[in-house]
């Protein structure tokens, strides 16, 4: 079982579009399915562990990837990983944090200035494409140029985590 949890419904649409683009560009194996689910991820959320463990089927490996906004925090990944100490051997978890939020990738992918997109993603998107609303995250992702994101460190970590997710143990 391979599951990616993202922060909300718009994030689910966004990642589905990005994964499609990665597959079209031969960056990700198209033959392996990834279930993308939305799940609000908060620093202190005991439900996360129960949700992951509920996916375990006897004898089957479960790989879970959480993709979260860092919101400027340098240790955002560790806050989530703290919920997953002592998991069964067949349950593997990784976390990738987007700096500072998913809108930065959207902005850069749409051709925005990298520095400006990282500092003020919402403002940069609004100047780039008109007034931005959260509901545009998934819709605009279909227009992203993946090549613009390939040199971004956090996007590289994301792609590496996706490749880990789809590879066999």
### Message
Cβ contacts < 9 Å: first residue surrounded by fewer than 16 Cβ atoms within 10 Å (Cβ to Cβ), restricted to the stretch 155-168; second residue part of a helix (DSSP H, G or I), any location; separation 6+ or different chain. Result?
### Response
156/149
### Message
Name the residue that is nearest to the chain's Cα centre (by Cα), counting only residues in the stretch 1-38 that are closer than 14 Å to residue 102 by Cβ and in a strand (DSSP E or B).
### Response
6
### Task
Would you confirm whether any residue within the stretch 39-57 is modelled with pLDDT of 90 or more and more than 19 Å from the chain's Cα centre (by Cα)?
no
### Message
Filter the stretch 123-145 down to the residues that are modelled with pLDDT of 95 or more, within 20 Å of residue 6 (Cβ to Cβ) and surrounded by 16 or more Cβ atoms within 10 Å (Cβ to Cβ) and list them by number.
### Response
125, 132, 136, 137, 140, 141, 144
### Task
Could you please let me know if residue 59 is surrounded by fewer than 16 Cβ atoms within 10 Å (Cβ to Cβ) and part of a helix (DSSP H, G or I)?
no
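Might you let me know whether the stretch 147-154 holds any residue that is at negative phi and touching a strand residue (DSSP E or B) at 6+ places or on another chain (Cβ under 7 Å)?
Yes, there is a match, as at least one residue in the stretch 147-154 is at negative phi and touching a strand residue (DSSP E or B) at 6+ places or on another chain (Cβ under 7 Å).
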### Query
How do the helices (runs of 4 or more DSSP H) wholly within the stretch 75-119 filter down when requiring 3 or more residues that are out of contact with any strand residue (DSSP E or B) (no Cβ under 7 Å at 6 or more places or on another chain) and crowded, with 18+ Cβ neighbours inside 10 Å: which remain?
102-109
### Message
Being modelled with pLDDT under 95, outside any loop (DSSP other than H, G, I, E, B) and closer than 20 Å to residue 106 by Cβ is the requirement here; does residue 72 meet it?
### Response
no
### Query
Failed condition for residue 162, given (1) more than 19 Å from residue 7 (Cβ to Cβ); (2) part of a helix (DSSP H, G or I), with all others met?
(1)
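Filter the stretch 84-119 for residues that are under 17 Å from residue 13 (Cα atoms) and in contact (Cβ under 8 Å) with a residue 40 or more places away in the chain and give the result.
Our first condition is that a residue be under 17 Å from residue 13 (Cα atoms); within the stretch 84-119, this holds for 98, 101-107, 109-110.
Across the stretch 84-119, the qualifying residues are 98, 102, 105, 106, 109.
The values are calculated or read from the model by the stated rules, or taken from the named source; none is laboratory data. Keep in mind that this is a model prediction, so the values were computed, not measured. With ideal geometry, Cβ positions are generated from the backbone for all residues, glycine too; neighbour counts draw on all protein chains shown.
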